[in-house]
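The values are calculated or read from the model by the stated rules, or taken from the named source; none is laboratory data. These figures come from a predicted structure and were not determined experimentally. Here Cβ is always computed from backbone atoms with ideal geometry, including for glycine, and neighbour counts include all displayed protein chains. With ligands, DNA and RNA removed, areas are computed over all heavy atoms of the protein, side chains included. Shrake-Rupley method; radii C 1.70, N 1.55, O 1.52, S 1.80 Å.
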Amino acid sequence: MPFDPSQIPIVQIVFFVMTACAIGGAIGVVSSPNLFHSALYLVLSLFGVAGYYVLLSAGFLAVVQLMVYVGAIAILILFAIMFARRLMGQGENQNNQQWWLSLPIVMILFAVLVGVVNTVSWPVSGAEPTGDTVMELGHAFLGSYLIPFEVVSILLSVALIGGIFLAREKVEAEEA
């Protein structure tokens with residue numbers, strides 16, 4: 001019987017694409033010699049993880065993954081890299097020559113992780129959530145947690161404006 005690609009469910013195709021994004025991005029993070037490119041590969045890897053959440057019907061977690069990790073953390077890392085321009089220079093060696101010291105530790109941690117995953121009896125529940133979790137989170141953010149939520153948003157906005165101000169000051173000093 002010949003192989004018919006139309007018989008593959010779309011969920012499997014999306015799963016393999018997201019797996020390629022997540023694993024390919026992770027490999028790109030650790031293997032890219034350019035720090036800026038590594039940060040962009042991190043965005044790709046985090047995007048792949050958000051795709052897993054979509055496949056698991058956890059839309060809220062997917063949006064949080066995109067907004068918090070891809071939209072905030074990765075952009076913060078990109079800003080930090082752009083502020084430290086000398087690390088991105090072509091003449092700088094960005095490879096760590098002591099990578100071999102971490103190899104045994106990584107292998108031990110991987111063996112422990114595989115051992116734990118294989119020995120723990122993971123409970124599986126077929127029960128659906130009792131309510132609309134997104135609505136409950138919305139009520140919590142706009143109810144009892146409104147003040148802390150707004151304080152954090154103001155602090156993040158001030159930090160962003162301060163970062164732009166500091167970067168602009170450095171650029172003007174370098175041009176003079």
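Of the residues making up the stretch 50-65, those that are aliphatic (A, V, I, L, M), assigned to a helix (DSSP H, G or I) and open to solvent by 70 Å² or more (accessible area, probe 1.4 Å) number 3. Look at TYR41 and say whether it is closer than 30 Å to GLU128 by Cβ and either open to solvent by 70 Å² or more (accessible area, probe 1.4 Å) or modelled with pLDDT of 85 or more (or both). The answer is no for TYR41.
Just to be sure before I move on: is VAL116 at pLDDT 85 or above and either under 19 Å from SER32 (Cβ atoms) or touching a Cys at 6+ places or on another chain (Cβ under 7 Å) (or both) in the structure I sent? The answer is no for VAL116.
When ILE73, ILE27 are checked against the criterion of being under 17 Å from PHE16 (Cα atoms), of a type in the set (A, V, I, L, M) and open to solvent by 60 Å² or more (accessible area, probe 1.4 Å), ILE27 stands alone in meeting it.
When we screen ILE108, ILE27, ILE73 for residues that are at pLDDT below 90 and either in contact with a His (Cβ under 6 Å, 6 or more places away or on another chain) or in a helix (DSSP H, G or I) (or both), the only hit is ILE73.
Just to verify a result, which residue in the stretch 124-168, among those that are assigned to a helix (DSSP H, G or I) and of a type in the set (Ser, Thr, Tyr), is least open to solvent (accessible area, probe 1.4 Å)? Step through it out loud before you land on a result.
Here is the first cut: in the stretch 124-168, the ones assigned to a helix (DSSP H, G or I) are 133-141, 146-168.
Then drop every residue that is not of a type in the set (Ser, Thr, Tyr), which leaves 133, 153, 157.
Values: THR133: 72, SER153: 44, SER157: 61 Å².
For the stretch 124-168, the residue satisfying everything is SER153.
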